[in-house]
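The values are calculated or read from the model by the stated rules, or taken from the named source; none is laboratory data. Being a predicted model, the structure only gives us computed values, none of them experimental. Cβ coordinates were reconstructed from backbone atoms using ideal geometry, including for glycine residues, and neighbour counts include every protein chain displayed. Just so you know, the surface numbers come from the protein's heavy atoms only, side chains and all, with ligands and any DNA or RNA stripped out. Shrake-Rupley method; radii C 1.70, N 1.55, O 1.52, S 1.80 Å.
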Amino acid sequence: MSRKKLLNYVERGGQLLLYPQIPEEDLIGQPCIVLKQAFIIRKVKETKSFVELDDIQSIECDKVEHYSSKSDVFCKTDQGYACGLSQKYGKAKMLILGAHMQLNFNCKKDEFRKVAVLMGVQPRLEVTDDIDSALRVIDKDAYFIHLHNFDHYDKYPEIKVDDVVVYQQGNIKVPALKGLMLPINITLDNQIKIISSTVEIISNNVEKGQKVLTADRKLVEEFMVIELSYGEIVEQHGVNIQKKHGQYFVTLAETFNDTSKVIIQQCSPHNSE
């Protein structure tokens with residue numbers, strides 16, 4: 001039943017990747033060749049060999065299934081046998097990649113990215129300098145960028161979202177063996193919206209009747225763009241402010257502490273008018 005649901009999914013326009021082999025049993029171990037029949041494919045043999053995936057050559061695989069089929073070939077062994085096939089089905093297509101590729105080096109990620117592109121899947125987030133990254137989408141244009149540096153030296157990556165540069169190289173610092181979570185268009189409450197920030201915000205508290213954002217600085221200067229529905233940001237030592245088009249451009253200068261505080265007056269919406 002689950003195999004038929006997968007075929008219905010592809011028929012209606014969904015993409016399907018079968019990896020690292022074409023399933024011939026269901027989830028309880030009973031024979032089920034629904035997907036194999038839909039692919040019009042025949043498994044010839046199984047070996048250990050090197051494969052060529054599109055334009056990436058000499059990929060070592062510990063298990064490779066050789067196929068006989070009239071489907072389009074996108075991956076083959078070093079001896080020319082088909083092990084990766086693409087076939088149109090309904091409104092979309094199915095891919096089978098019968099080459100078990102180990103993800104034991106970072107460069108191997110390119111191989112899986114290549115398969116994603118073949119399926120028409122493009123990453124929204126691009127980060128340089130070999131930083132582990134993820135995009136956590138909150139709303140259409142609101143998201144968090146998660147960055148993890150597993151190396152023993154600091155990194156200053158360029159970051160693109162949907163092919164648009166949101167942070168140029170050198171604008172942010174990801175310390176060695178640490179991570180960052182950067183907000184873009186994130187609403188903290190009914191007063192504060194973070195349009196962008198080069199620095200991680202570690203707390204949002206009320207102190208002595210005022211809102212206080214605490215930022216964990218990594219560079220000599222850090223930058224934030226903040227939008228307020230009411231109230232004002234208080235200028236203070238180490239915090240420089242410019243207001244343009246209803247937004248606050250905040251520069252956090254180096255101080256004796258690793259953190260900087262952005263203080264926001266909490267006048268009511270009625271009073272601010």
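Express the carbon and sulfur contribution to the solvent-accessible surface of the chain as a percent, rounded to the nearest whole number, probe 1.4 angstrom. Could the numbers behind the result be given before it?
Values: 7690 of 15750 Å².
Solvent-exposed carbon and sulfur of the chain make up 49 percent of the total.
Note down the magnitude of the dipole of segment 1-67 about its Cα centre, charges +1 on Lys and Arg C-beta and -1 on Asp and Glu C-beta and zero elsewhere, to the nearest 20 debye. All intermediate terms of the calculation are to be shown ahead of the outcome.
On the way: 10 positive and 11 negative charges, 85 e Å.
The calculation lands at about 420 debye.
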message = Which one, H245, H146, H100, has the greatest fluctuation when you compute a Gaussian network model over the chain with C-alpha springs under 10 angstrom?
response = H245
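For segment 115-144, which trypsin sites (Lys or Arg not before Pro) pass both filters: DSSP loop (anything but H, G, I, E, B) and at most 11 other C-beta atoms within 10 Å? Could you put the intermediate results ahead of the total?
Numbers: sites: R124, R136, K140; in loops: R124, K140.
Those that pass, being in a loop and sparsely packed, are R124, K140.
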key: Debye, to nearest 20: dipole size of the chain, +1 on Lys, Arg Cβ, -1 on Asp, Glu Cβ   = 1220
ask   = Where is the GNM fluctuation largest for the chain (alpha-carbon springs, 10 angstrom cutoff): I202, I145, I226?
value = I202
task = Express in nm, to one decimal, how much length is gained between Q265 and K48 on full extension, taking 0.36 nm for each residue of separation and deducting their alpha carbon distance.
result = 71.4 nm
In Å², nearest 10: area of E158 left accessible to a 1.4 Å probe = 60
query = Taking a probe of 1.4 Å, how large is the accessible area per residue of the chain, in Å²?
reply = 58
Burial order of peptide ranges 190-197, 204-211 (average beta-carbon count within 10 Å, highest first) = 190-197, 204-211
key: Spatially proximal lysines relative to K178 (Cα-Cα < 16 Å; intrachain offsets below 8 disregarded)   = K155, K218
query = Can you list residues whose amide H is under 5 Å from D26's amide H, if they're 5+ apart or on another chain and H is modeled 1.01 Å from N?
reply = C32
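Taking a 1.4 Å probe, which of V161, V121 shows the most accessible area, and what order do the others take after it?
Working: V161 10, V121 80 Å².
In descending accessible area the options line up as V121, V161.
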request  = Positive end of the charge dipole of the chain (Lys, Arg +1 and Asp, Glu -1 on Cβ, about the Cα centre): tell me which of G231, A142, L18 has its Cα farthest that way.
outcome  = L18
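Based on Cβ point charges of +1 for Lys and Arg and -1 for Asp and Glu, what charge dipole magnitude is obtained for segment 15-153 about its Cα centre, in debye rounded to the nearest 20? Walk me through the numbers before you get to the answer.
Details: 18 positive and 21 negative charges, 152 e Å.
Approximately 720 debye in magnitude.
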